[in-house]
Amino acid sequence: MGVARSPRLKAALDQRAASFTASLFFDWRLLPYDVTGSIAHVTMLAEAGVVSRQDCDSIVAGLQTVREEWEAGALQPRLEWEDVHMNVEGRLSELIGPVAGKLHTGRSRNDQVALDMHLYLKDVGHQMSERLVAMISALAGQAKATSDVIIPGYTHLQAAQPVLLSHHFLAYADMLRRDYDRLRDWLIRTDRSPLGAGALSGTPYPTRPERTAELLGLADVYRNSLDAVSDRDFLLEFLAWAAILMVHLSRLGEELVLWSSQEFGYLTMDDRYATGSSMMPQKKNPDVAELVRGKAGRVFGHLSGLLVVMKGLPLAYHSDMQEDKESVFDVVDTVGAVLTVATGMIETLRVNRDRIRMRLGHDFTGATDLADMMVQHGVPFREAHHLVGDLVARLERDAMGFENVTEEYLARYAPTIPRAWLDELTPDAIVARRRQAMGTAPESVAGQVANLEKWLKRAVKLNAKTRA
Ligand code: ARG
């Protein structure tokens, strides 16, 4: 008996069709979740009087052995059992005999696989939460270490206004805080059990899906059995979460590539996070940052892939949905690795203060403030904007900066601007004037750092609580 092919089918499955339809080459990682789900299911069945206590005990013991074999790497996936669920049951029946056949009472692989994915993703969610917090913490570390460094801030990648480098790192920390909030919010919706839906409509046994959920530590059960087996929203949301996170990390990756180039030279990548060239002996390449940027592509691809698989599918289960696994698993592995290496790369980044200082102050990034000073003396902003723009164009033609403008020069080209104002255009003075809580003044940025550190403490505590 065991889990032999259904006698409804008279011919053996074509070998090529068997490999084509099998999922065991990629769903093997679900085995411990499958066992956990099955133990809860059979325990509930015994409580409901559907199977005997004795049968339940031997099924539970057998399932634990299967899990141990898997953990020891002693269990080989077998193609005659097309997926991980059939492999568990097949191995179980080898271990304990025909009583194994009682495990699947009141259950279908449709609600079983959905349950496995919920349990797996819940675990993944907690791992991602820890990695995300580690990454945010690395950004906080750099933010604290660079509160005295001023860089030109950019719009359109043109030098715009000076900002604290610390402020720049904090911007990334805030993006990732939103990713963290989205992850936690998604976990609430993922924390529910589809088991009890059976193939699609529920089962005639006196089962208690709420009890199975409780045994599994899941917070809720699906309200509708058709939805329970058809829903892949929790996977789509996970992929969408990962895609947005990768947008953030790829922007960071790009800035690290740019800023560690000879042209910028603001940052130096630690040698542990850089590579050489096979041909050019002088090269030190930012491969890690490039791949953090590049891996975004496959994550976006998996999101659109699964969206397309799911769209237009009538209720309830279809084999199309088996396509969810490789996408989700690849994104789990990719994003997990990206977060880990990106954290190390940020932690070991060196800031080239001299290089940044050399670059600063020769870029007219004080122009807005000069116009603002005229406004304070009653000139309408548009007029001031025009006047300063004109002065900058002239200075550029004369290969000069604000710092080498003389009284005579001003008297000739911008007589309404007193020379003394130009001394107020140092990067320090400009930065110090932006004192809103969100602004770049040192005390504002210190406030943002303090806020982040408080947040980190709470997040670390929450992660520890979840782990326990
Ligand atoms: N291997 C399948 C999957 O990953 C399990 C569910 C199969 N159910 C079915 N009726 N064929 O989705």
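The table for this structure:
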| read-out | value |
| --- | --- |
| Net length gained if the chain between N224 and S261 were fully extended (0.36 nm per residue, minus Cα distance) | 7.7 nm |
| Dipole moment magnitude, nearest 20 debye, the chain about Cα centre, only Lys, Arg, Asp, Glu C-beta charged | 480 debye |
| The chain: angle of helix 165-190 to the longest principal axis, Cα-based, in degrees nearest 10 | 20 degrees |
| Nonlocal amide H pairs with L267, under 5 Å, H built at 1.01 Å | S260, N352 |
| DSSP loop trypsin sites (Lys or Arg not before Pro) with at most 10 other Cβ within 10 Å: longest gap in the chain | 11-222 |
| Size of electric dipole in the range 157-220: Cβ of Lys, Arg +1 and of Asp, Glu -1, about Cα centre, debye, nearest 20 | 60 debye |
| Ordering of 32-44, 366-378 by packing [mean C-beta count within 10 Å, highest first] | 32-44, 366-378 |
| Residue among M310, A243, V328 farthest towards the positive dipole end of the range 207-356, charges placed on Cβ | A243 |
| Furthest towards positive pole of dipole, V375, I356, L387, structure part the range 345-406, Cβ charges | I356 |
| Rg in Å to one decimal, and Dmax rounded to a whole Å, for the range 214-313 via C-alpha atoms | 20.7, 64 |
| Pairwise label distance in nanometres, E254 with E408, each label 7 Å out on the Cα-Cβ vector | 4.7 nm |
| Angle between the chain longest axis and helix 367-376 axis [Cα atoms, degrees, rounded to 10] | 70 degrees |
| Burial order of peptide ranges 329-336, 135-142 (average beta-carbon count within 10 Å, highest first) | 135-142, 329-336 |
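Read the figures in this text as sums done on the coordinates, not as results from a lab. If you're wondering where the values come from, they're calculated on a predicted model, not measured in any experiment. Positions of Cβ are backbone-derived with ideal geometry, glycine not excepted, and every protein chain shown enters the neighbour counts.
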